[in-house]
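What follows is one structure encoded as structure tokens, with my remarks underneath.
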Amino acid sequence: MKDILKRLGVRIREERKKVGLTQERFAEKVGLSVDYIGYIERGKQAPYLRTLERIAKALGVEIYELFLFREAGKKLDEEAAIKELILSVQNRKPEDIKFIASILRQIFEKWNKPDLRNTGI
């Protein structure tokens, strides 16, 4: 559980800095103490779901985006591409998402064949 709290805290800190908020200003917007924000960002405190909702709103992101953890060394543009994929299927019917996933699997299977990799397809 601690690992996920640390990763969540890192994501919240990244998003806070991305929008240019200090911990103090962020705490005001969310309605929490600066100390509590610090605990959350260091992974020492698990925020309630309603608190996560307020945090996401203050950062201008969806709650699920706070859980899009980046693997060590993963490039930021990879993260943006994954986010774009997620947003493109958001609010779609489950059967549409399954269909899109099957198409992507087929594309990647073909893409991994050596004869197609260098053709630009």
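Only residues that are surrounded by fewer than 17 Cβ atoms within 10 Å (Cβ to Cβ), of a type in the set (V, I, T) and over 18 Å from E62 (Cβ atoms): list them for the stretch 5-50, please.
Scanning the stretch 5-50 gives T22, V34.
So, in the stretch 28-48, how many residues would count as being more than 20 Å from the chain's Cα centre (by Cα) and small (G, A, S)?
2
Being touching a Phe, Trp or Tyr at 6+ places or on another chain (Cβ under 8 Å) and within 12 Å of I12 (Cα to Cα), is that true of even one residue in the stretch 35-48?
Checked the stretch 35-48: at least one residue is touching a Phe, Trp or Tyr at 6+ places or on another chain (Cβ under 8 Å) and within 12 Å of I12 (Cα to Cα).
Of all residues being outside any helix (DSSP H, G or I) and among the aliphatic types (A, V, I, L, M) in the stretch 25-51, which is farthest from R7 (Cα to Cα)? Just the residue, please.
Taking the candidates together, the pick is L32.
Could you please tell me which pairs satisfy a Cβ distance under 7 Å, a separation of 6+ or placement on different chains, a first residue in the stretch 93-115 that is at pLDDT 85 or above, and a second residue that is assigned to a helix (DSSP H, G or I)?
If the second residue must be assigned to a helix (DSSP H, G or I), the pairs left are I97/V89; I100/V89.
So, G31, is that one on the phi > 0 side of the Ramachandran plot, at pLDDT 95 or above and touching a helix residue (DSSP H, G or I) at 6+ places or on another chain (Cβ under 8 Å) or not?
So G31 fits the description; yes.
Which residue is modelled with the lowest pLDDT, if the candidates are limited to the stretch 61-79 and must be surrounded by fewer than 11 Cβ atoms within 10 Å (Cβ to Cβ) and assigned to a helix (DSSP H, G or I)?
So, considering only residues that are surrounded by fewer than 11 Cβ atoms within 10 Å (Cβ to Cβ) and assigned to a helix (DSSP H, G or I), the one modelled with the lowest pLDDT is L76.
The values are calculated or read from the model by the stated rules, or taken from the named source; none is laboratory data. Note that the coordinates shown come from a computational prediction; the quantities given were computed from them, not determined experimentally. Virtual Cβ from ideal backbone geometry, glycine too; neighbours counted across all protein chains shown.
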